[in-house]
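Beneath this line is the structure, given in structure tokens, with notes to follow.
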Amino acid sequence: MSSPYSAYRSIIGKAEHDLIARLAQRLEGRSLAMVNSTRDGGGVAEILRNMVPLLNEIGVPTDWEIIEGRPDFFGMTKTLHNALHGRPEPLTAAMIDAYWEVSRMNAGKLADKLDKPLVFIHDPQPAGLLRDLRKPGQKWVYRCHVDVSNPFPPAWDFLGPIVTNYDASVFSHPSFAQKMVNPQFLIAPSIDPLTDKNKPIPPEFVQKTLRRFQLDPKRPLLTQVSRFDKLKDPIGVIAAYRLVKKTHPRVQLLLAGGAASDDPESVHILPAIQEAAGKDPDIHVLDLPPFSDLEINALQRASSVVLQKSLKEGFALTVTEALWKERPVVAMAVGGIPLQVLDHKTGYLVHTVEGTATAIRRVLDHPEEAAVLARNGRKHVLQNFLITRHMREYLSMFLSVLHPGQAIVRFGA
Ligand code: UDP
């Protein structure tokens, strides 16, 4: 359940609250369809689940559509995802055929639903819909959530020409932007401070959650919350924990995650994590069901250090969530993470397993310093990464796309 839009006023102030409402009015009721490939699992679904009801409430009629796929299609899009992140995973002709076949099938199902002034496509899975469904007068925007700063070239050779046909594209970080003829917007993702995932919760619930998962509330807890995915480097997290354990034997490690329905790899990763964890009773691997938001909220709040050891990353909402909860964060300097973790200001940026272990020890040994960084982290999120700023930028972008060539878009009467 999302909170009413008016509830955000006390967090962001009246001026920002009212500005967003005026931007929405300026769209004059034009409707919009968001499209991605899953309703649960991963950051894109998290954002859409929070934003779609709010856009509707402020007068921007917004539908959220999901494409359907088959195992060979999601196998292809996962390979493409990894290759866009730079892994040398080739796309075969059969994979590309499967992509377009499923895209056409979805186009048949979604034709009426996507007959809107604005169609907003998230990530490569539904990107091909434009080819079959674009109508004159419509605007199609491509939202890239992936770090495409250094793709395996065949991956961008596939996706780039598709994205070039859109009216505009949106990237999370300046370094992800690509050479393209259409306008590009830089808009960072966000968290919703009022959802079960991020709202304040009673300390008793935090304690109860720790007990429920057999975690010791009296011992330091190192946590990474992430889908079970190689690029989140859970094995590297375990390696860093083992180094820390040598000097700080009381630490416990929690790897909390789950699967996403559009990610076929996760089922193979979980057993590999369990094997790496071995019989260590202080490593806790939790395979959480979808929508375990209150549990994740509690586990993040209970953590002495929140880790994000990703090898590649789009943005990492898990980092935003931890900073908002004033937790000390140790995270790899990849993708959009450095936008959030300003090294030695809002957390610690690291580059290796050894560096991760050193930064964890620093947090454990200097809790006052870590608390200052964590407070800065919350302020940084308040100023830059809440859903309201995200909506303001999307609405401004929609206005710009709907008024092409106009340097000034007038507000109000
Ligand atoms: N998440 C979750 N359950 C899990 C693992 C992750 O609800 O088992 C949430 C996490 O709290 C965050 C989102 O999924 O809100 C992950 O977004 P992020 O940008 O960190 O990574 P992505 O999965 O999109 O690569």
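The values are calculated or read from the model by the stated rules, or taken from the named source; none is laboratory data. Everything numeric in this text was worked out from a predicted model, so none of it was measured. Neighbour counts are summed over all protein chains in view; Cβ atoms, including those assigned to glycine, are modelled from backbone coordinates with ideal geometry. In case anyone asks, the SASA skips ligands and DNA or RNA and just uses the protein heavy atoms, side chains included. Shrake-Rupley method; radii C 1.70, N 1.55, O 1.52, S 1.80 Å.
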Enumeration of residues in segment 140-176 that are out of contact with any strand residue (DSSP E or B) (no Cβ under 7 Å at 6 or more places or on another chain), in a helix (DSSP H, G or I) and not hydroxyl-bearing (S, T, Y): P153, P154, A155, W156, D157, F158, L159, G160, P161, I162, F176
Does segment 19-38 hold any residues that are in a loop (DSSP other than H, G, I, E, B) and either without any contact (Cβ under 8 Å) to a residue 40 or more places away in the chain or open to solvent by less than 60 Å² (accessible area, probe 1.4 Å) (or both), and which are they? L27, E28, G29, S31, S37, T38
Going through V52, V44 one at a time, which residue ends up being within 16 Å of the ligand (Cβ to nearest atom), under 23 Å from the mean Cα position of the chain (by Cα), modelled with pLDDT of 95 or more and surrounded by fewer than 21 Cβ atoms within 10 Å (Cβ to Cβ)? V52
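Report the residue count in segment 234-261 for those that are among the small types (G, A, S) and open to solvent by less than 20 Å² (accessible area, probe 1.4 Å). Step through it out loud before you land on a result.
Quick first cut of segment 234-261, residues among the small types (G, A, S) only: 236, 239-240, 256-261.
Now narrow it down to the ones that are open to solvent by less than 20 Å² (accessible area, probe 1.4 Å): 236, 240, 256-258, 260.
Residues flagged as among the small types (G, A, S) and open to solvent by less than 20 Å² (accessible area, probe 1.4 Å) within segment 234-261 amount to 6.
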Return the pair list, or none, for Cβ contacts closer than 7 Å from residues in segment 40-53 that are within 11 Å of P290 (Cβ to Cβ) to residues that are of a type in the set (K, R) and near the ligand (Cβ under 8 Å from one of its atoms), at least 6 apart or on different chains. G41/R227; G42/R227
Among the candidates T92, T79, single out the residue that is without any contact (Cβ under 8 Å) to a residue 40 or more places away in the chain and open to solvent by 40 Å² or more (accessible area, probe 1.4 Å). T92
Residues in segment 203-238 that are more than 16 Å from the ligand (Cβ to nearest atom), aromatic (F, W, Y) and either free of Cβ contacts under 8 Å to residues at least 24 places away in the same chain or out of contact with any helix residue (DSSP H, G or I) (no Cβ under 7 Å at 6 or more places or on another chain) (or both) total 0
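Do we find a residue being of a type in the set (F, W, Y) and surrounded by fewer than 21 Cβ atoms within 10 Å (Cβ to Cβ) anywhere in segment 100-110?
yes
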Of all residues in segment 178-221, which are among the polar types (S, T, N, Q) and either in a loop (DSSP other than H, G, I, E, B) or within 23 Å of the chain's Cα centre (by Cα) (or both)? Q178, N182, Q184, S190, T195, N198, Q214
Given the condition among the charged types (D, E, K, R) and in a strand (DSSP E or B), answer yes or no: does some residue in segment 57-64 qualify? yes
Under the condition of being open to solvent by less than 30 Å² (accessible area, probe 1.4 Å) and either within 15 Å of V44 (Cβ to Cβ) or of a type in the set (S, T, Y) (or both), which residue from segment 149-173 is farthest from the ligand (Cβ to nearest atom)? Y166
Here are some conditions: (1) in contact (Cβ under 8 Å) with a residue 40 or more places away in the chain; (2) of a type outside the set (K, R); (3) open to solvent by less than 40 Å² (accessible area, probe 1.4 Å). L133 meets all but one. Which one does it not meet? (1)
Residues of segment 65-77 satisfying the condition of being assigned to a loop (DSSP other than H, G, I, E, B) and over 17 Å from D40 (Cβ atoms): R70
Residues of segment 244-261 classified as more than 15 Å from V330 (Cα to Cα), assigned to a helix (DSSP H, G or I) and touching a residue at least 12 places away in the same chain (Cβ under 8 Å), total: 2
Out of (1) more than 30 Å from V181 (Cβ to Cβ); (2) open to solvent by 70 Å² or more (accessible area, probe 1.4 Å); (3) out of contact with any helix residue (DSSP H, G or I) (no Cβ under 9 Å at 6 or more places or on another chain), the one L382 does not meet is (3)
Just one listed residue, out of L349, L364, L395, L373, is at pLDDT 95 or above, more than 17 Å from the chain's Cα centre (by Cα), buried (at least 17 other Cβ atoms within 10 Å of the Cβ) and closer than 20 Å to E28 by Cβ, and it is L395
